[in-house]
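Only one structure is covered here, and it is reproduced in the block below.
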Amino acid sequence: MTGGDGDVTAAPAGPPPPLDWRFSQVFGERTAGEEVQEVDIISAIEFDKSGDHLATGDRGGRVVLFERTDTKEHGGSRKDLEKTDYPSGRHPEFRYKTEFQSHEPEFDYLKSLEIEEKINKIKWCQTANGAVFLLSTNDKTIKFWKVQEKKVKKIADMNMNMNMDASKAVGNGNIATSSNQKSSHGVNGEYTDKSYTSLTLTKDLGIQSLRLPVVVTSNETSLVARCRRVYAHAHDYHINSISNNSDGETFISADDLRINLWNLEISNQSFNIVDVKPTNMEDLTEVITSAEFHPTHCNTLAYSSSKGSIRLIDLRQSALCDRHSKLFEEQEAPGSRSFFTEIIASISDIKFGRNGRYILSRDYMTLKLWDINMDVGPVSTFQVHEYLRPKLCDLYENDSIFDKFECCLSGDGMRVATGSYSNLFRVFGSGPTSTEATTLEASKNPMRRQVQTPSRPSRSLSSSITRVVRRGGESPGNDTNGNSFDFTTKLLHLAWHPTENSIACAAANSLYMYYASNESTP
């Protein structure tokens, strides 16, 4: 289109095409009929900001680290590859790096309470001097870990020297002498210290020489995880969230009733910035379910509640942020309230978009995308479990209605994802005109249970309510793809790569990774 001054005006771009998802890798794949141990079930997944490292935590208190390999094999960083005239043709590939025991089971004798070792959350911190740092937490204790490569030290020169001349003995007494040899450098610059201390002991039967062991530094390296700090005794209730601040110096931890602010360098002191505990616990009506710092504004954070609301607070307003700067919640439809309304409205997870403009929230039935500049309601609502509405009584009886599913956004903010039952997860296009809604299974064939015509995500505000009701007529015994659902296999944890279309998700003890391209191939 040509304007009056001769300039060419581009037509408005449509929604991006749906992604073609493909299997990439699996770690810890189960064989048919293999029983899964409770301690091996993955309970947390997190990419670092660069996307070059991935961490998982499990119910056994272990943290496993993976590192990206495809950029190293082709030389240079990902940015360098993008500057070349030809596409790299590669998708993110990871390999096992190391693992360590982060938490052990404990017992609180004052409260007669057993504290399990399960890792609730993992957060990456800023790297320094070739070492990676991360925070991990169980229900009560947060730990700050440093993982670094160190050169292996070996022991050398332990031989017994039996060639000493017996004539050097003086009488029948015990004489101790020492001798030293000079050090030398071996091949490849390896330090091979030949010095040793020789103790010569005279005995009635002769003289023996004992060489004490000498520590030698080799060129071999090993990864060492060391706990730098322990942040404990600050939460009376179970920790559900930790989040790093963009200033690189502080982080928050949240339990059901309080949010504490910590300095990474100070482990024996924290500041309580949010406290929703009433004077009389019988007056308690809602609890904190998730909390996260703004990705770029160090003074802003958001936390969600069991009533389905999200509060934005500004740390500059007061030391105790008992008043929020913004409140995000969706009004109930008239006549829609039931016994399960508050239960399914409880938000299990919130995530800021990369630029901080949007907040993604997950409740039991839906995903909602909120614009922090518009607090009248979500800008988009995506139906995840609407087909389960007729089964809410059964879900309540078997406690599945209390399952806490996580959510994530793509690095460009154009798509959102969350998990479901039967080891399924769903990916939605979040653009204003996008109709993308893809269902995938955590297996080597992710598209096996894909529907031919995905349901359109409902858009919010004026017309979202009618669309939600209209889409509630699906078969109660089947999921959105017409398959029977399995409440025992649930995909609770997943993470989106920060710069590429790659998703890591946990199905019991297995870690599955998928990648996608914009071009669908036959």
Accessible-area value, Leu312, 1.4 Å probe, nucleic acids and ligands omitted, Å²: 20
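Grab the other residues whose beta carbon is less than 11 angstrom from that of Lys111, score K and R as +1, D and E as -1, and report the net.
-2
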Loop sites in segment 90-127: trypsin sites (Lys or Arg not before Pro), DSSP, at most 11 other Cβ within 10 Å: Lys111
Whole-percent carbon and sulfur share, accessible surface of segment 241-309, 1.4 Å: 45
Sulfur and carbon atoms: percent of accessible area, segment 313-416 [1.4 Å]: 49
Where segment 327-389 is the region considered: accessible area per residue in Å², 1.4 Å probe: 40
Cα shape, segment 362-452, gyration tensor, a/c 1.5 rule: oblate
Selection of GluC sites (Glu not before Pro), segment 31-65, meeting DSSP coil and at most 13 other Cβ within 10 Å: Glu34, Glu35
Inter-centroid distance (Cα atoms) of segment 284-348 relative to segment 229-248, Å: 19
Probe 1.4 Å, protein heavy atoms only - accessible area per residue of segment 205-324 in square angstrom: 50
Sequence of Met365, Met374 from largest to smallest accessible area, 1.4 Å probe: Met374, Met365
Neighbour cut-off at most 15 other Cβ (10 Å), DSSP loop, chymotrypsin sites (Phe, Trp or Tyr not before Pro), segment 267-342: Phe339
Trp262 accessible area, 1.4 Å probe, all protein chains in place, Å² to nearest 10: 10
Solvent-accessible surface (1.4 angstrom probe) belonging to Glu114, in square angstrom, nearest 10: 140
Unit charges on C-beta of K, R, D, E only; dipole of segment 315-446, Debye: 460
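Note the full-extension length gain between Val379 and Ser325 as 0.36 nm times their separation in residues minus their Cα-Cα distance, in nm to one decimal.
Result: 17.5 nm gained on full extension.
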Distance violations [Cα-Cα > 20 Å] among Lys123/Lys444; Lys49/Lys121; Lys123/Lys277; Lys97/Lys123; Lys111/Lys146; Lys121/Lys490: Lys123/Lys444; Lys123/Lys277; Lys111/Lys146
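The values are calculated or read from the model by the stated rules, or taken from the named source; none is laboratory data. What you see is a predicted model; the values in this text were computed from it and never measured. Cβ: placed from backbone, ideal geometry, glycine included. Neighbour counts: every protein chain shown. With ligands, DNA and RNA removed, areas are computed over all heavy atoms of the protein, side chains included. Shrake-Rupley method; radii C 1.70, N 1.55, O 1.52, S 1.80 Å.
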